[in-house]
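For reference, the structure discussed in these notes is given below.
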Amino acid sequence: MGREIYMQDHEAKPYYFGITLGASSARFQADLHPRFLSTDSIMVAEPINSGGLTLGLHATARLSNRFLVRFNPQLMFMERNLFYKLRYPELDDKTEITKKVESIIISFPFQLKFQSDRIGNFRVYTLAGFKADIDMASNARARKAEELVKIRKYDFGPEFGIGFSFYFPSFIFSPEIKISNGIKNLHERDVNLKYSSVFDRIQSRMIMFTIHLEG
């Protein structure tokens, strides 16, 4: 006997829904301001990788057997940190400081999926899309911000990824890896803030590993 093929009727559904669970490695892509070359207090200023968690829902509509469109709103909790090396110690006698930029992002990605033929209970797919993000923890308008790097609230940019669908008797398990890049300059530069003034442009960069559970 051959292997049982699960969820054969799923291929006839015009649309279906699911949930998303994920983890991310996020960082800023930063360009230094000319002021950095003239400062005598900060010797190094650079982004570092940090982690995050993602929860979401998704709705997928079938355009054809190969092409599908997916809307995947997500709530993301993350840090994107900045490392500084100072010429002179701060009050706590440290010359190396990490500034944590915490974000709570509501993301609205629209993606086009291209999927392979189904091989038993498995298929592979690629995706490309565009996202719009709202950072609910944005501090761009903070007034008391002596130690902050101010980050704007809105972002947008492209996404690209690859995933694998495994069919089970009652659900589809789809692990996926995706690269997400922001286009907008997120930096609300303030010349009066020491840790902010050394940067010119700051953009978002993210690698996400997600698991989609689909019915």
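When +1 charges are put on Lys and Arg Cβ atoms and -1 charges on Asp and Glu Cβ atoms, the dipole computed for segment 87-129 relative to its Cα centre reaches about 380 debye.
Per residue, the accessible area of segment 1-80 comes to 58 Å², computed with a 1.4 Å probe over protein heavy atoms only. Placing R0 at 22 angstrom, the Cβ-Cβ distance between residue 85 and residue 37 gives a FRET efficiency of 0.90 after rounding to 0.05. Note on the chain: Lys pairs 8 or more places apart or on different chains, Cα atoms under 21 Å apart, count 26. With the cut-off at under 18 Å, measuring from each backbone N in segment 64-87 to a point 7 Å along the Cα-to-Cβ line of residue 53 picks out 74-80.
Per the Debye calculation on the chain with a single equal scatterer at every Cα and no solvent contribution, log₁₀ I(q)/I(0) for q = 0.10, 0.12, 0.19 Å⁻¹ amounts to -0.53, -0.69, -1.28. Charge dipole of segment 115-215 (Cα centre as origin; +1 on each Lys and Arg Cβ, -1 on each Asp and Glu Cβ, all else neutral): 320 debye, rounded to the nearest 20. Across segment 1-102, counting alpha-carbon atoms alone, Rg and Dmax equal 23.7, 76 Å. From the alpha carbon centroid of segment 158-208 to that of segment 12-58 is 5 Å. Here r is the Cβ-Cβ distance between residue 168 and residue 13 and R0 is 22 Å; the resulting FRET efficiency, rounded to 0.05, is 0.85. Multiplying the residue separation of residue 193 and residue 25 by 0.36 nm and removing their Cα-Cα distance gives an extension gain of 57.8 nm.
Between residue 61 and residue 44, the contour length at 0.36 nm per residue exceeds the Cα-Cα span by 1.3 nm.
For the chain, a crude dipole built from +1 on the beta carbon of Lys and Arg and -1 on the beta carbon of Asp and Glu, taken about the Cα centre, is about 440 debye to the nearest 20.
The values are calculated or read from the model by the stated rules, or taken from the named source; none is laboratory data. The model shown is predicted, which means the values in this text are computed figures rather than measured ones. So basically every Cβ, Gly included, is an ideal-geometry build from the backbone, and we count neighbours across all protein chains shown. Side chains are part of the model used for accessible areas, which takes the heavy atoms of the whole protein and leaves out ligands, DNA and RNA. Shrake-Rupley method; radii C 1.70, N 1.55, O 1.52, S 1.80 Å.
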